[in-house]
Amino acid sequence: MIAIIGAGPAGLSAAAAATRRGEEVIIIDSSSQLGGQYWRHLPSARNDSHSLHYDFSKAQKLFDELLSQPLLTRYSNSQVWQAEKCGDQFHLYILRNGVEEKVVADKVILATGAYDRTIPFPGWTFPGVMTPGAAQAMLKGHGVLVGKKVVIAGTGPFILPVATGLAESGAEIVGLFEFNNPFRWIFNLHGLLLNPSRIAEAFYYLKKLQKHRVKIEFGKKVESATRSSAVVDGTEIECDVIAVGWGFAPDVTLAGILGAQLGVDSDGTVIVKVDRRQETNILGLFAAGEATGIGGSTLSMIEGRIAGGGRGGLSRWRAQVFANGLKKVYPVPSILTKNLPEETIICRCEEVTRGQICTSIDELGAQSARTAKLFTRAGMGLCQGRVCGRNVSEIVADHLVQKVSDSERIAGGQRPLAAPISLGELGDGLAKKF
Amino acid sequence: MISFTFNNQKIEAIEGMTIAAAIFSTGEKVLRQTRFGGDDRSIFCGIGICWDCVVTVDGVINQRACLIQVSDGMVVTS
Amino acid sequence: MKSPDAIVIGAGIAGASCALALTNAGLTVLVLDRGPVAGGTTGAGEGNILVSDKDPGPELTLALRSRDLWFDMQSDVGDHFELEAKGGIVVARHDEKPLKDFAAKQRAAGVDVQEVGDRELHELEPFLTPEITSGVFYPQDSQCQPMLAAAHVLRAVRLRGGQVITGATVKAIDTSGGRVQGVQSDKGNFSSPIIINATGTWAGDIATMAGSHLPIAPRKGFILVTAPAPKLIHHKVYDSDYVANVASSDADLQTSTVVEGTRAGTILIGASRERIGFDGRMNVDILRRLAAQATSLFPILRDIQLLRAYRGFRPYAPDHLPVIGEDSLIQGLWHSAGHEGAGIGLAPGSAHLITAQIIGKTPFMDPAPFSPKRFQAGAA
Ligand SMILES: Cc1cc2nc3c(=O)[nH]c(=O)nc-3n(C[C@H](O)[C@H](O)[C@H](O)COP(=O)(O)OP(=O)(O)OC[C@H]3O[C@@H](n4cnc5c(N)ncnc54)[C@H](O)[C@@H]3O)c2cc1C
Ligand SMILES: Cc1cc2nc3c(=O)[nH]c(=O)nc-3n(C[C@H](O)[C@H](O)[C@H](O)COP(=O)(O)OP(=O)(O)OC[C@H]3O[C@@H](n4cnc5c(N)ncnc54)[C@H](O)[C@@H]3O)c2cc1C
């Protein structure tokens, strides 16, 4: 049996490919729905016109096929919190609606996706400051507008659909700021030539934004926030939501737990290393989608299909060229973590400031993100460094006038648990003889 | 529609909504205060990664408001 | 730097304590560590400073003194490492007699021991399971944050003229005529007539480099860390099985629970012990056992989430006593290592034993039981 973790574009494509080949598949996702981040939609009881999606028909086809597929078992509201390889088999420990179950599989496909990458700035902990993904998830998943007057900023193609969705749903976009210059697309002309449909997609969003009189301003970023405004380029803009994102960070936790080789991508993110068949260095362990490098939903689907045993042809290469080009168009400049005021909170969970991190280096002998963390608790809170880990590394390295090493980045992606489990549930596993 | 309370305030929600979505739909953003600084916090990543939105649900602490769906009569506190 | 009076290898709690004691005695000290400060076992342990788990004998004498020296160290370098005399409570689930007999022996040895009945016990720990109706309270048991302790102690050493070089791996120990001359490291060679081996689990390697030997081996331990919670647990609470485990030589896995809250709000649950070399893998079964034991002591913890688990390797000697004193084969080589699961608690006491002997003062206790000689006899 094949276990697929994650029911986004990658996981669903893998499930379709594998079941078409007659394999028995179980697909496990922490959400109540199929679709992952990209295809998030309203619950079936609510009528969703899918007007917020660029092209939902692909998703609908996959959902329909898989929901009537007898070879597929679906575990929703199910989070894999721990995994082990025992002999040739994988043991997955799953919290299904809060109760632990064990699933044994011969092959595992990790399609765990990514989350928004964020970088601190003064005021970024105020309620109303959030990631573009959060604004998108509230809108697509619940039809809830996060605010009335919204500033959207950061970098990357993703801020366009978010701005479009919010504007179409009635929010006033009081500022849309892309930090990188559009002329940088020169670095991805070959990607565009190989993937011309992407041009149409971009114009789709730009036209809609124009309709709502939303202008993109380039080269600017949110410098700071107050409870009711954003400061951009020295100007205060009144708003009730500021959505800032700097691309995505892959979720590699389970791959790390299973001992798969991790690597560092050209954008500095930690990724799962895979071969041409999307297999990791651990026999029988595959990975697909954002977890193997940020590349968008098209590439995720192709990788998923290959991991599920289907064919990729040249399509993966084409999509990869585009994805690699995007990283050159939308780099995240290292300047962002430099020169932050001392009192800026870096670790949101444990409320650790930049000043405290620097003091741990200057006075206590911290020499790496790991020791800075031991001394300050940065990264030791509920999110286990998923949000601040990379920023702490950058700040420590900057303060020591060094570069963050690949091994430190990879160590930052290693976590002993993929999700928290209550002590009661954990202990009860003894009686269940897992 | 179902209803639940958030800090003793009754809130109506559509079935299937998360706690955070239901609270945001009333216009409220503040979900909790931090342990050390007492600062207001809300949702941040919106997908269960950052744990900034944690609330107490029916007496159980540290529950992510952006993931947990509301149920009728649920008691949510900061 | 001109040649230091002493070189300390290891910037964990053992090395830091030695460096401070020697500095305060007027010696100039150089501390070398291949990693950062507190990057070894000191960065992977809990901060228990316990007298309650030790049988009367030399280790208890050392522990009692060392516990007081922790508070002296705090007055000396400042209140920076969350030192707190929070007290320990030991309970017995099945048979209380061994626990009470043990307590009586300890009282005779000078430990502050208070037997507590049902009501008092649950006043001390309101969330302890009602199934347990009596226990023993040890007000002297204390706690610190060991990483911050090592860091702040070494900061004081630097401010007082000592030097700390991190990222410097010691590759060789120079000796001549049975005496140490200095060390070779990848950040340079340093000479000194006194070398303190405070490399914990790796102390055997340093002894070998100097031409001596020391049988220190790793013993793996796990600690569970929960999500932050309101104050539910007020002391360190443990099952008396733990005491039996600490003194055991059985190589199989043993688990017993120690539950305690920290200032940061997280709850720590330790400590499993197994002796399987440096195998760092996570073992889900151990996590389950620790969780089951902790929730049976404190049912309220059932709803508290496990956030992470970490493991470390306790340095231990075959007889479970630390190795503190001058090498019997190589002069000028001193060891403070092999403290097993008590290295935090015993660090300042060990530092004082060594410093007193180096500067020719009478130590507060007879150091002979800890001498490395016991493993080096027939080897010369
Ligand atoms: C919040 C957010 C919103 C986004 N919205 C858009 C958008 O509107 N348009 C767009 O083009 N791109 C969007 N993206 C980008 C998105 O990452 C990709 O385009 C696409 O969704 C990637 O597909 P995937 O299958 O690799 O991963 P995902 O779609 O992210 O799917 C991964 C799935 O794995 C599940 N999972 C992870 N770990 C576990 C575990 N341990 N146990 C169980 N389940 C687990 C997750 O719950 C998730 O459902 C968004 C990204 C984020 C973070
Ligand atoms: C899970 C667990 C829980 C624990 N709980 C407690 C507790 O509650 N209370 C308690 O008292 N004890 C506890 N301990 C034990 C305690 O942590 C150790 O006994 C103590 O930290 C040992 O300190 P150390 O300074 O001797 O060793 P370490 O902290 O390991 O320091 C040795 C240093 O030597 C350095 N080194 C090694 N080789 C070289 C070389 N060749 N060159 C340069 N440097 C080198 C290393 O980098 C390291 O930094 C626990 C241990 C574990 C694993």
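What is the order of B:50, A:86, fewest Cβ neighbours within 10 Å to most?
Ordered from fewest to most neighbouring Cβ atoms within 10 Å, B:50, A:86 come out as A:86, B:50.
Would you mind computing, in nm to one decimal, how far apart the modelled labels at residue A:169 and residue C:107 are, each placed 7 Å from Cα along Cα→Cβ?
Result: 6.8 nm between the two label points.
Taking every residue in B:25-32, how many Cβ atoms of other protein chains lie within 10 Å of its Cβ, on average? Let's see the in-between values first.
Working: counts 6, 1, 4, 1, 10, 3, 1, 1.
Partner-chain Cβ atoms within 10 Å, mean over residues of B:25-32: 3.
Roughly how many Å is it from the Cα centre of the range C:281-306 to that of the range A:362-428, as a whole number?
After rounding, the separation between the Cα centres reads 24 Å.
Working from the alpha-carbon coordinates of the protein assembly as shown, get Rg over Rh, Rh being the Kirkwood radius.
Values: Rg = 29.2 Å, Rh = 29.3 Å.
Here Rg/Rh amounts to 1.00.
Kirkwood Rh, chain A, all Cα pairs: how many Å?
Details: mean 1/r = 0.0444 Å⁻¹.
22.5 Å is the Kirkwood radius here.
For the modelled label position 7 Å from the Cα of residue C:181 along Cα-to-Cβ, which residues of the range C:210-234 have backbone nitrogen atoms closer than 19 Å?
C:210-212
Can you compute the helix-only [θ] at 222 nm over the protein assembly as shown? Use -39500 (n - 2.57) per DSSP H run of at least 4 residues, normalise by all residues, nearest 500 deg cm²/dmol.
Values: 25 runs with 260 residues, N = 892.
Result for the protein assembly as shown: -8500 deg cm²/dmol, rounded to the nearest 500.
Using a Förster radius of 35 Å, what is the FRET efficiency between residue C:79 and residue A:187 based on their Cβ-Cβ separation? Nearest 0.05, please. Spell out each step's value before the answer.
Details: r = 54 Å, r/R0 = 1.56.
About 0.05, to the nearest 0.05.
Taking the Cβ of residue A:269 as the center, what net charge do the other residues with Cβ under 11 Å away carry, scoring Lys and Arg +1 and Asp and Glu -1?
It works out to a net charge of 0.
Jot down the radius of gyration and Dmax of the range A:74-189, Cα atoms only, both in angstrom.
My reading of the Cα-based Rg and Dmax gives 19.8, 57 Å.
Return, for the Cα atoms of the range A:4-110, the radius of gyration and Dmax in Å, separated by a comma.
Rg and Dmax of the range A:4-110, Cα atoms, are 14.4, 48 Å.
Expressed as cubic angstrom per residue, what is the convex hull volume of the alpha carbon set of the range B:2-77?
Convex hull volume per residue, Cα atoms: 81 Å³.
What does the highest-first list of C:175-182, C:159-166, A:211-218, A:355-362 look like by mean Cβ count within 10 Å?
A:355-362, C:159-166, C:175-182, A:211-218
Counting Lys and Arg as +1 and Asp and Glu as -1, each charge on the Cβ, what is the dipole of the protein assembly as shown about the Cα centre in debye, to the nearest 20?
So the magnitude is around 2480 debye.
Please report the antiparallel percentage of DSSP beta bridges with both residues in the protein assembly as shown, rounded to the nearest 5. The partial results should precede the final answer.
On the way: 92 of 144 bridges.
Once the DSSP bridges in the protein assembly as shown are tallied, antiparallel ones form about 65 percent.
For residue C:235, what is the net charge nearby, where nearby means another residue's Cβ is under 13 Å from its Cβ and Lys, Arg count +1, Asp, Glu -1?
Neighbour charge sum, excluding residue C:235 itself: -3.
For chain A, give the share of DSSP beta bridges that are antiparallel, in percent and rounded to the nearest 5; count only bridges with both residues there.
Taking every DSSP beta bridge with both residues in chain A, the antiparallel ones total about 50 percent.
Taking beta carbons within 10 Å but only from partner chains, what does the mean come to for residues A:138-145?
Per-residue shielding by partner chains comes out at 6.
What order do you get for A:430, A:34, C:346 when you list them from fewest to most C-beta neighbours inside 10 Å?
Neighbour counts put them in this order, fewest first: A:430, A:34, C:346.
Apply the Kirkwood formula to chain C: the hydrodynamic radius equals the inverse of the mean of 1/r over all pairs of different alpha-carbon atoms; give it in Å with one decimal.
One over the average 1/r among Cα pairs gives 21.1 Å for chain C.
How far apart, in nm, are two points set 7 Å out from the Cα along the Cα-to-Cβ line at residue A:45 and at residue C:205?
6.1 nm
Using C-alpha positions alone, give me the convex hull volume of the range A:119-246 per residue in cubic angstrom. Walk me through the numbers on the way to the answer.
Values: hull volume 13.2 nm³, N = 128.
For the range A:119-246, the hull spanned by Cα atoms encloses 103 Å³ per residue.
Percent of Cα-Cα pairs more than 23 Å apart in the range C:167-247, please.
49 percent
Among A:205, A:54, which comes first, second and so on when ranked by fewest other beta-carbon atoms within 10 Å?
A:54, A:205
Residue by residue through C:32-41, how many Cβ atoms from other chains fall within 10 Å of the Cβ on average?
Mean inter-chain Cβ contacts per residue within 10 Å come to 4.
I'd like to compare A:191-200, A:380-389, A:138-147: which one has the highest average count of other Cβ atoms within 10 Å, and what's the full order after that?
Result, highest mean Cβ count within 10 Å first: A:380-389, A:138-147, A:191-200.
What is the packing order of peptides A:336-347, A:298-309, A:101-112, C:50-61, taking the mean over residues of other C-beta atoms within 10 Å and listing the highest first?
Result, highest mean first: A:298-309, A:101-112, C:50-61, A:336-347.
Taken together, the values in this text are just the output of simple stated rules run on the coordinates, not laboratory data. Owing to the predicted nature of the structure, the values given are computational and were not obtained by experimental measurement. Virtual Cβ from ideal backbone geometry, glycine too; neighbours counted across all protein chains shown.
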